[in-house]
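FYI, it's all coordinate maths here, none of it is from the lab. For clarity, every value in this text was computed on a predicted model and none was experimentally measured. Cβ: placed from backbone, ideal geometry, glycine included. Neighbour counts: every protein chain shown.
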Protein chains: 2
Amino acid sequence: MSTQPNTTHKYMLVAKMLIKNIQSGQLVDGERLPPERVMATEMEISVTTLRKALRLLEDDGMLIRRQGSGNYVNARGDPQNRYALFRIEKLSGPGHPKSQLLDVERLRKSDHQLPNFGTSDHAFRIRRLRSLDDMVCVLEEIWLDEDSATNITADTVTESLYQFYRESLGIWIRRVEDRISVSPLPDWCPAELACEPGQIMGFVERFAWGNGQEPIEFSRNWFDPETSRYVARLS
Amino acid sequence: MSTQPNTTHKYMLVAKMLIKNIQSGQLVDGERLPPERVMATEMEISVTTLRKALRLLEDDGMLIRRQGSGNYVNARGDPQNRYALFRIEKLSGPGHPKSQLLDVERLRKSDHQLPNFGTSDHAFRIRRLRSLDDMVCVLEEIWLDEDSATNITADTVTESLYQFYRESLGIWIRRVEDRISVSPLPDWCPAELACEPGQIMGFVERFAWGNGQEPIEFSRNWFDPETSRYVARLS
DNA sequence: AGGAATTTGTGCGTATGTATC
DNA sequence: AGATACATACGCACAAATTCC
């Protein structure tokens, strides 16, 4: 299979370019973009296409659009808050997020107990520890279907995974389903988390879809609901 | 303030009409809709407008669109699964959902400890018990800003709240933010829930946005994470 | 197996409505 | 009140995926 991601679509390219401009600081927080017609003319695209791209950014929380006013950069949607769609907060409020990569491996799905997702029989497993204000608070295990990504290594994965998907793999996560309950911490949990394996934790299972019909990603998160909470932003 | 909801927009009317047809059984599960161009001609609207309406249904999970194939009714997205965006599942899988209305009251926000939402100083409080396969499993408290709804009573509220918003209030929930942690069960919990007040439960706080800039709804859910899990579908 | 027909997706240009300043 | 700027709506052309003969 291995259908190559459609980086060919113009609105995707435009959206990625805009994001790049925001991230590189060319567009600062709160700044108003030029009018859509002006931007469209400058970029030599139609207003419709530009608007489609702007919609993507809006869904991602990086842009706030106001009729009659303008399109405003919401940098909080990206740098501070690298996990736009869902994130962990301390109960007292948001904190500065960081993530520490544990390992990246290419594995055969059937060798692990996994639900059905994707089309390949292999997947990349990414394990991370996430922290807020230097307090380690989430253990994360992500499975990305191989058909959506070739040659993922520890070097190539960046801090914001969905940004990595967009920029390196050409994948825009369009739909997600989270199942939240409780689950014992697995035994591969590193000591930094300051919880013991077997301890009951908040638990999130996630399926994520790109453009196709079936999920390309499956992931599991463990977090301590006594000190932090899970935030899902649906849009 | 009290800007009346824009039920005047053509794509909204079209979407509501389609939903009505699906819910009334005129369109059955799995059925393929006529081609977009045909439908558009019959309804005397442009394909663009129809497509915008179809997209809303797709986001709501009631429609599955396949390029080169057609638009298919996904009745699972509504009747069985009345709470499309987020729902409670038993750990063993989905069950048949029902809800029992406890009370509806119009209250002054400042008399209760509530976060900021909406523009009015009053809100309607809706309390419900939700069950799966006749097992009561969720206690629900919803606050809907008065500026978005006038004259809500126990008689007018229907089983699917967001359907009620759409059909009676002309509000399409476009964005939602959920905060999930744990919390003690409040003391107004009825005995049917079979948990004692003070018992630690799974806890979801939710803000919901319509078209405007600030949330029109705030709600709290308590659920037992030992027997059920919370599902959030982001799209 | 292969090619034509069907059907949705992308992209363009334009006109009008509506909220904001 | 007028200007500005995004939202809605229309019609068309071509691309891509699917279906069917």
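Relative to the Cα centre, the charge distribution of segment A:96-228, modelled as +1 at Lys and Arg Cβ and -1 at Asp and Glu Cβ, gives a dipole magnitude of about 320 debye.
In nanometers and ordered shortest first, the copy-to-copy spacing of the B:Lys20 label point, defined 7 Å from Cα toward Cβ, is 4.9.
For chain A, set up a Gaussian network in which alpha carbons nearer than 10 Å are linked by springs, and say which option among A:Ile173, A:Ile200, A:Ile216 fluctuates the most. Comparing A:Ile173, A:Ile200, A:Ile216 in a Gaussian network model of chain A, the most mobile one is A:Ile200. Choose one answer from B:Glu214, B:Glu105, B:Glu44: the residue with the largest mean-square fluctuation in a GNM of chain B with alpha-carbon springs under 10 Å. Top of the fluctuation ranking is B:Glu44. Based on DSSP H segments of at least four residues, each scored -39500 (n - 2.57), chain B has a per-residue ellipticity at 222 nm of -5000 deg cm²/dmol. For a straight C-alpha distance cut-off of 30 angstrom, the lysines reachable from A:Lys98 (same-chain residues fewer than eight places away being disregarded) are A:Lys16, A:Lys20, A:Lys90, A:Lys109. Plainly put, the tip 7 Å out from Cα toward Cβ on A:Arg108 is 7.0 nm from that tip on each other copy, the closest given first.
For the pair segment B:158-213 and segment B:9-23, the centres of their Cα atoms are 25 angstrom apart.
Between the Cα long axis of helix A:47-59 and the first principal axis of chain A there is an angle of about 30°, rounded to the nearest 10.
Packing around the peptides A:139-148, B:90-99, B:15-24, taken as the average count of other Cβ atoms within 10 Å per residue, puts them in this order, highest first: A:139-148, B:15-24, B:90-99.
Rounded to the nearest whole Hz, the Karplus-based 3J(HN,Hα) values (6.51 cos²θ - 1.76 cosθ + 1.60, θ = phi - 60°) of segment A:193-205 follow the sequence 5, 6, 10, 8, x, x, 5, 6, 10, x, 9, 10, 9, with x at glycine and proline.
Overall, segment B:5-139 carries a charge dipole of about 180 debye about its Cα centre when +1 sits on the Cβ of Lys and Arg and -1 on the Cβ of Asp and Glu, all other atoms neutral. If you take all other residues with their beta carbon under 15 Å from the beta carbon of B:Arg206, and give Lys and Arg +1 and Asp and Glu -1, the sum is +2.
Inter-copy label distances for A:Thr119: 4.8 nm (label point placed 7 Å from Cα along Cα→Cβ; shortest first). Dipole magnitude for the protein assembly as shown: computed about the Cα centre from +1 point charges on Lys and Arg Cβ and -1 point charges on Asp and Glu Cβ, it is near 1520 debye. When the Gaussian network model of chain A links Cα atoms closer than 10 Å, the mean-square fluctuations of A:Val138, A:Val47, A:Val157 top out at A:Val47.
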